[in-house]
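The values are calculated or read from the model by the stated rules, or taken from the named source; none is laboratory data. This one's a predicted model, so the numbers in the text were calculated from it and none came from an experiment. With ideal geometry, Cβ positions are generated from the backbone for all residues, glycine too; neighbour counts draw on all protein chains shown. Ligands, DNA and RNA are stripped out before the accessible areas are found, and what is left, the full protein with its side chains, is counted by its heavy atoms. Shrake-Rupley method; radii C 1.70, N 1.55, O 1.52, S 1.80 Å.
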Amino acid sequence: MKSPLLSLPGAVPAEGADEGVAAHYGDLFREQRALADGTGFVDLSHRGVVTVSGADRLSWLHLLLTQHVSELPAGEATEALILSAHGHIEHALYLVDDGDTVWAHVEPGTQEALIAYLESMKFFYRVEVADRTGDFAVVHLPAGSIAEAPDGVVVRETAYGRDLFLPRADLESYAEKAGPPAGILAHEALRVEQHRPRLGFETDHRTIPHELGWIGSAVHLQKGCYRGQETVARVQNLGKPPRRLVFLHLDGSEVHLPPQGTGIRLADEDPDGRKVGFITTSVRHHELGPVALALVKRNVPVDARLMAGDTAAAQETVVEP
């Protein structure tokens, strides 16, 4: 869905997965600094919005999700995954329950597949699943923001800020009083700095939660059975994940950032040698310079010097080997 805020002065449209909102509004680093200082907002109206209502909503979702939600208090934010039967990540949901309805925002374009799966699992439970993307837009207020949420708007509050499920018809009027807008590139730069994985960026068809550090924040290890739980338990109790998420400081002399999918090798090996991982997200940070998240093989030494394509990279551990 194309956001009306693309008509704001300086707005440059995002491409790829974030098409439909602004990449930036003319000054990427100023927008990053504003978010880091707790001012402004980010238009995330391209994200999918899904609701689950009904008396059995929490107990039913508890059976399907990786997170413990059967007794989720109203107003408390959480995040959860849906896994395949083999434990691979299929969906990531960012949730809050308002006392009557569970609200979730998901990656752009994934809501239809998510809803199809949820509908197939309803059976006799008293639940109603709805796609509310056309009616509600997600707006992000950064941590420390003193901007007020309009009365009656569902708010999902986390350590990283507040996500508002704003009526889509109110998006333009809210933007006029919410402070300076920041584009999705500024939002992504802070996400990378915070080492937070994103579905479709840090994940591929075989990613399991342990590789990205999603255990705890999105996967509860003491809850009951759910699809893919056997893989989670086996890795937790008997082994290690085959890959691990790392944070990379990239050589700042390079003009271009290595794009998603760029192969990573050990710096001491031949350029045509074996690949030990790949870039998942690369950004320009207002303080750290060019940085990235990447998935590398678990046995890559934590102090190894790496090359992302032709760009030298120094790693920081996110997920322990």
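Points worth noting:
- Looking only at the stretch 205-233, and only at residues there that are modelled with pLDDT of 95 or more and basic (Lys, Arg), the one that is farthest from Val319 (Cα to Cα): Arg227
- Selected residue (only one of Gly87, Gly38 is closer than 29 Å to Lys177 by Cβ, small (Gly, Ala, Ser), in a loop (DSSP other than H, G, I, E, B) and open to solvent by less than 30 Å² (accessible area, probe 1.4 Å)): Gly38
- Of all the residues in the stretch 238-282, those that are under 17 Å from Ala312 (Cβ atoms) and of a type outside the set (Asp, Glu) number 26.
- Residue among Arg274, Arg265, Arg244 that alone is open to solvent by 40 Å² or more (accessible area, probe 1.4 Å), in contact with a strand residue (DSSP E or B) (Cβ under 8 Å, 6 or more places away or on another chain) and among the basic types (Lys, Arg): Arg274
- The stretch 207-236, residues that are in a helix (DSSP H, G or I), over 20 Å from the mean Cα position of the chain (by Cα) and not β-branched (Val, Ile, Thr): Gln229, Glu230, Ala233, Arg234, Gln236
- Members of the stretch 151-167 that are among the charged types (D, E, K, R), touching a residue at least 40 places away in the same chain (Cβ under 8 Å) and buried (at least 18 other Cβ atoms within 10 Å of the Cβ): Arg156, Asp163
- Across the stretch 282-310, the qualifying residues are those that are of a type in the set (Lys, Arg) and part of a loop (DSSP other than H, G, I, E, B), and the one among them that is most open to solvent (accessible area, probe 1.4 Å) is Arg305.
- Filter result (open to solvent by 10 Å² or more (accessible area, probe 1.4 Å), touching a helix residue (DSSP H, G or I) at 6+ places or on another chain (Cβ under 8 Å) and part of a helix (DSSP H, G or I)) within the stretch 1-17: Pro4
- Pairing each residue of the stretch 282-305 that is without any contact (Cβ under 8 Å) to a residue 24 or more places away in the chain with any residue that is assigned to a strand (DSSP E or B), provided the two are 6+ apart or on different chains, yields C-beta distances under 9 Å for Pro301/Leu266; Val302/Val246; Val302/Gln315; Val302/Glu316; Val302/Thr317; Asp303/Gln315.
- Residue satisfying all of: in the stretch 188-228; within 16 Å of Tyr94 (Cβ to Cβ) and of a type in the set (A, V, I, L, M); surrounded by the fewest Cβ atoms within 10 Å (Cβ to Cβ) among these: Leu199
- Scanning the stretch 258-275 for residues that are of a type in the set (A, V, I, L, M, F, W, C) and either more than 14 Å from Leu248 (Cα to Cα) or in a strand (DSSP E or B) (or both) gives Ile264, Leu266.
- Output for the stretch 47-61, where each listed residue is within 23 Å of the chain's Cα centre (by Cα) and in a loop (DSSP other than H, G, I, E, B): Arg47
- Qualifying positions in the stretch 90-124 - of a type in the set (S, T, N, Q) and surrounded by 20 or more Cβ atoms within 10 Å (Cβ to Cβ): Gln111
Results for (1) in contact with an Asp or Glu (Cβ under 9 Å, 6 or more places away or on another chain); (2) within 23 Å of Thr158 (Cα to Cα); (3) of a type in the set (A, V, I, L, M), shown as yes or no for each residue.
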| residue | (1), (2), (3) |
| --- | --- |
| Arg191 | no, yes, no |
| Glu202 | yes, yes, no |
| Arg206 | no, no, no |
| Val219 | no, yes, yes |
| Lys223 | no, yes, no |
| Arg234 | no, no, no |
| Gly239 | no, no, no |
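Residue-wise test of (1) open to solvent by less than 10 Å² (accessible area, probe 1.4 Å); (2) touching a strand residue (DSSP E or B) at 6+ places or on another chain (Cβ under 8 Å); (3) closer than 19 Å to His91 by Cα; (4) of a type in the set (S, T, N, Q).
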position	(1), (2), (3), (4)
Glu176	no, no, no, no
Gly183	yes, yes, no, no
Ala186	yes, yes, no, no
Glu230	no, no, yes, no
Gln236	no, yes, no, yes
Gly239	no, no, no, no
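- Residues satisfying the stated conditions in the stretch 113-150, i.e. free of Cβ contacts under 8 Å to residues at least 60 places away in the same chain and among the aromatic types (Phe, Trp, Tyr): Tyr117, Phe123, Phe124
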